[in-house]
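Enquirer: Attaching a single structure in structure tokens format; questions to follow.
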Amino acid sequence: MVDGSHEPQTETEESFADLFEQSVPEIKAGAVVNGTILRADPEHVLVDIGFKSEGLVPTWQFANSKGIADIEPGQRVEVMVEEVENEDGVVLLSKEKADRVRVWLNLAEAHEKDQPVEGVITGRVKGGLQVNLNGVNAFLPGSQVDLRPVRNLERVIGETHSFKIIKFNQRRGNIVLSRRALLEHERQSMREDTLKDLEEGAVVEGIVKNLTDYGAFVDLGGVDGLLHITDMSWGRIGHPSELFQVGDTVKVRVLRFDRDSERVSLGLKQTQPDPWQNVAQRYPIGLRMRGKVVSLADYGAFVELEPGIEGLIHISEMSWTKRVKHPSKVVAIGDEVDCLVLDVDEGERKISLGMKQIEPNPWTVLEQKYPAGTRVTGVVRNVTNFGVFVGIEEGIDGLVHVSDISWTEKIRDPKEMFKKGDELEAVVLRVDMENEKFSLGIKQMTRDPWEEIPNKYPVGTKIQGTVTSVADFGAFVEIEPGIEGLVFASEVGRNVENVHDAIKQGQEVEALVVRVDAAEHKIALSIRAIDDREQREAIERVKQQERTQSATLADRSSGLEDLLRHLRRDSGDGNG
């Protein structure tokens with residue numbers, strides 16, 4: 001019976017030597033004796049044990065693991081006397097019981113001499129495993145199975161190993177084993193040898209003991225080294241399990257070795273040539289390549305050109321016309337793509353690739369196809385607070401900026417005027433091939449009303465308008481729909497300290513045009529000039545009246561003198 005709950009005992013159990021006798025002066029039940037096989041039949045084997053009568057052993061007790069009895073006359077065999085003479089005068093023997101006694105004797109000797117024993121793990125029991133030692137069951141605690149905890153004990157069932165007996169009690173049928181104790185001893189012996197020869201730069205052979213997300217632990221012979229995932233391959237690896245399995249033998253290079261802490265860093269890729277050497281010669285700028293997409297990032301896709309060599313296709317290099325928000329909209333991991341080498345930085349281990357360069361750039365012909373002034377019609381693709389995007393061709397959008405929607409209206413939100421799907425006509429303003437921008441205008445389809453403003457409102461013109469807004473610096477006055485002029489604070493009136501007190505929104509005012517800038521769409525107005533002008537006109541009228549009166553008096557005086565001269569002349573003529 002296997003009992004793993006008892007503490008290991010150091011005392012040696014009673015010897016079994018008294019059960020084995022070289023000579024048999026007296027045969028008694030329970031004695032283990034040597035005998036010679038005389039003959040065998042399907043049911044019994046006749047054995048001579050030196051007694052007056054031969055003994056019988058059941059034939060099945062000689063069967064091997066395959067169930068075949070291997071019996072030859074003259075063969076020596078150990079047997080146990082079960083019954084000296086039965087009622088038929090026959091000595092009954094048992095080879096099976098003698099073998100069991102022999103096993104216990106061997107186990108006791110192994111325990112006493114601290115020698116390992118070999119057994120087969122046969123099953124799972126509470127707290128560990130059951131091990132068969134040549135027919136005797138022993139207990140192997142879960143903590144003693146290996147150097148590291150074994151999470152799945154079932155996986156070792158059926159395996160044959162050597163064990164150390166750490167507890168032995170034949171009377172109670174209790175044997176406790178440890179495989180870990182033997183492994184630790186072996187490991188310590190190997191460790192000392194390994195540490196002697198271990199040095200940085202050396203290529204060593206080891207066995208993969210454990211895999212983690214960040215690397216693999218390799219047993220170099222009593223010393224564990226870490227093979228980090230970044231040092232496994234010049235190429236991209238998602239997980240160490242892509243290259244290794246526990247138990248694999250691998251040759252690695254010692255990258256770093258701290259003898260004090262016994263920490264060892266290993267590298268596998270360092271045992272192979274660096275693929276980045278002379279990469280600029282192998283991948284000149286302009287070379288067309290075909291590669292496999294191995295990874296995606298928000299800013300682009302990484303393409304493997306050969307094991308260990310990857311290039312980046314930035315999202316800006318994926319399409320001439322499409323606004324790629326994420327590379328997954330264009331490619332997927334595993335895709336084979338054609339691309340062009342744009343730049344190579346061997347020192348930084350970077351290769352820039354482009355997909356759109358495989359196809360002609362549609363922007364190169366856009367300027368010739370749509371010269372400035374061309375009228376185009378398209379569908380509104382998007383409306384933003386700064387303008388309207390209009391689809392002109394597949395992948396080619398033009399932008400009508402908010403400032404190019406109307407000559408006169410102040411557009412605060414284009415969404416109030418347009419929506420997706422609307423058909424829109426506009427004029428091509430300019431094509432910026434370098435920055436891939438297509439500018440359109442709606443207001444340019446009609447003549448700029450400001451062109452007529454200088455003629456319509458020349459300087460000195462008196463206008464009447466409505467105040468649309470008032471600010472600290474002045475007031476805006478609408479002269480006609482969409483046309484506004486600005487009355488600066490200094491031109492509102494004499495002795496005006498606060499514009500807001502002097503003029504109000506919605507107020508009807510008269511003002512004088514003092515400056516016109518049609519190019520800048522600006523008209524400067526003056527309310528104060530109206531008063532100044534009226535004063536000047538009044539003074540001028542007074543002066544004019546005075547001049548008129550003076551002229552009238554002069555005319556009258558002149559007429560009187562003429563009359564007097566005429567009278568004098570008439571009087572003189574009469575006297576003569």
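Enquirer: If you take just the strands (runs of 3 or more DSSP E) that sit entirely in region 239-302, which of them hold at least 2 residues that are not assigned by TED's automatic domain parsing to the domain that holds GLU348?
Expert: 249-258, 263-267
Enquirer: If we keep just the residues of region 415-442 that are exposed (fewer than 13 other Cβ atoms within 10 Å of the Cβ) and part of a strand (DSSP E or B), which is modelled with the lowest pLDDT?
Expert: Applying the filter and picking the extreme gives ASP432.
Enquirer: Can I ask one more? Can you pull out the strands (runs of 3 or more DSSP E) entirely within region 314-396 that have at least 1 residues that are hydroxyl-bearing (Ser, Thr, Tyr) and outside the structural domain of GLY421 (by TED's automatic domain parsing)?
Expert: Result: 350-354.
Enquirer: For region 113-129, enumerate the residues that are more than 22 Å from VAL103 (Cα to Cα) and not in a strand (DSSP E or B).
Expert: Passing the criteria: LYS126, GLY127.
Enquirer: Next question, about the same structure. Is at least one residue of region 204-216 modelled with pLDDT of 90 or more, among the aliphatic types (A, V, I, L, M) and more than 40 Å from the chain's Cα centre (by Cα)?
Expert: No, every residue in region 204-216 fails to be modelled with pLDDT of 90 or more, among the aliphatic types (A, V, I, L, M) and more than 40 Å from the chain's Cα centre (by Cα).
Enquirer: Given the conditions (1) surrounded by fewer than 17 Cβ atoms within 10 Å (Cβ to Cβ); (2) over 42 Å from the mean Cα position of the chain (by Cα), and given that ASN152 satisfies all but one, which numbered condition is not satisfied?
Expert: With (1) surrounded by fewer than 17 Cβ atoms within 10 Å (Cβ to Cβ); (2) over 42 Å from the mean Cα position of the chain (by Cα) applied to ASN152, the lone miss is (2).
Enquirer: A further question on this structure: What pairs come out if I take residues in region 280-309 that are over 14 Å from GLY354 (Cβ atoms) and pair them with residues that are part of a loop (DSSP other than H, G, I, E, B) and of a type in the set (S, T, N, Q) whose C-beta lies under 8 Å away, six or more apart or interchain?
Expert: Note: pairs meeting the criteria are PRO307/SER233; GLY308/SER233.
Enquirer: Related question: How many residues are hydrophobic (A, V, I, L, M, F, W, C), out of contact with any strand residue (DSSP E or B) (no Cβ under 6 Å at 6 or more places or on another chain) and either under 15 Å from LEU183 (Cβ atoms) or assigned by TED's automatic domain parsing to the domain that holds LYS95 (or both) if we restrict to region 119-155?
Expert: The total comes to 3.
Enquirer: Tally up the residues in region 252-272 that are in contact (Cβ under 8 Å) with a residue 40 or more places away in the chain and surrounded by fewer than 16 Cβ atoms within 10 Å (Cβ to Cβ), please.
Expert: Residues flagged as in contact (Cβ under 8 Å) with a residue 40 or more places away in the chain and surrounded by fewer than 16 Cβ atoms within 10 Å (Cβ to Cβ) within region 252-272 amount to 4.
For (1) surrounded by fewer than 17 Cβ atoms within 10 Å (Cβ to Cβ); (2) farther than 16 Å from ALA29 by Cα, each residue gets a yes or a no:
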residue: GLY50; (1), (2): yes, no
residue: LEU56; (1), (2): no, no
residue: PHE62; (1), (2): no, yes
residue: ASN86; (1), (2): yes, no
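Enquirer: Here is a follow-up. Identify, by number, the condition in (1) exposed (fewer than 12 other Cβ atoms within 10 Å of the Cβ); (2) more than 22 Å from ASP219 (Cβ to Cβ) that THR249 doesn't meet.
Expert: Checking THR249 against (1) exposed (fewer than 12 other Cβ atoms within 10 Å of the Cβ); (2) more than 22 Å from ASP219 (Cβ to Cβ), the one that fails is (2).
Enquirer: Just for region 166-191: of the residues that are without any contact (Cβ under 8 Å) to a residue 60 or more places away in the chain and over 43 Å from the mean Cα position of the chain (by Cα), which one is nearest to ARG259 (Cα to Cα)?
Expert: My answer is SER189.
Enquirer: Sort out which residues of region 372-415 are polar (S, T, N, Q) and over 35 Å from the mean Cα position of the chain (by Cα), and write them in order of number.
Expert: THR374, THR377, SER403, SER406, THR408 - these are the residues of region 372-415 that are polar (S, T, N, Q) and over 35 Å from the mean Cα position of the chain (by Cα).
Enquirer: In this structure, is GLY334 at positive phi and crowded, with 16+ Cβ neighbours inside 10 Å?
Expert: In short, no.
The values are calculated or read from the model by the stated rules, or taken from the named source; none is laboratory data. Remember, it's a predicted structure, so these values are computed and weren't measured experimentally. Using ideal geometry, Cβ is built from the backbone for each residue, glycine included, and neighbour counts are taken over all protein chains shown.
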